[in-house]
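Chemist: Attaching a single structure in structure tokens format; questions to follow.
The values are calculated or read from the model by the stated rules, or taken from the named source; none is laboratory data. This one's a predicted model, so the numbers in the text were calculated from it and none came from an experiment. Cβ sites come from the backbone with ideal geometry, for glycine too, and all protein chains shown count toward neighbours.
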């Protein structure tokens, strides 16, 4: 259970939400992301609200609600895109993922709080399209546990899953 008064800084919220999503607990990730959305500065609200909506979409998928999953995955991806587009192009030198735990600007840096926006959007778009076309029956459980954060060498393809 996530406390109602949860208040985490951006990097901590992103890290905890990532852990919860990869553990198959999207509802709990939603609570973390919603708390961040409500306390975020105005320029970050689309990011956090969009990620919270993605987590709700994943919750619907876990519960067998294909229509709700598609709707919320797309709505969340649209909000994350709005954030990305408002942030503008990555800052010079920000094309590479930051070192784990490194602080970086929340907007315009390409990987705010180490969140891999491009990967999140690609996963949402792909998952929503597959669910819409074929339903939830053939979606592997691993596809309902997306990664939010930039993948590091330590958790690369050969690393064990959480």
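Chemist: Look through 97, 140, 106, 160 and report the one residue that is modelled with pLDDT under 55 and more than 18 Å from the chain's Cα centre (by Cα).
Modeler: On inspection, the qualifying residue turns out to be 160.
Chemist: Okay, moving on. Modelled with pLDDT of 95 or more, in a loop (DSSP other than H, G, I, E, B) and surrounded by 15 or more Cβ atoms within 10 Å (Cβ to Cβ): is that true of residue 72 in this structure?
Modeler: Details: modelled with pLDDT of 95 or more: yes; in a loop (DSSP other than H, G, I, E, B): no; surrounded by 15 or more Cβ atoms within 10 Å (Cβ to Cβ): yes.
So residue 72 does not fit the description; no.
Chemist: For the range 7-24: of the residues being farther than 16 Å from residue 38 by Cα and free of Cβ contacts under 8 Å to residues at least 40 places away in the same chain, which is surrounded by the fewest Cβ atoms within 10 Å (Cβ to Cβ)?
Modeler: Going residue by residue through the range 7-24, those that are farther than 16 Å from residue 38 by Cα are 15-16, 18-24.
Filter again for free of Cβ contacts under 8 Å to residues at least 40 places away in the same chain, leaving 16, 20.
Numbers: 16: 20, 20: 22.
For the range 7-24, the residue satisfying everything is 16.
Chemist: When you look at residue 47, is it touching a strand residue (DSSP E or B) at 6+ places or on another chain (Cβ under 8 Å) and either at pLDDT 95 or above or assigned to a loop (DSSP other than H, G, I, E, B) (or both), yes or no?
Modeler: In short, no.
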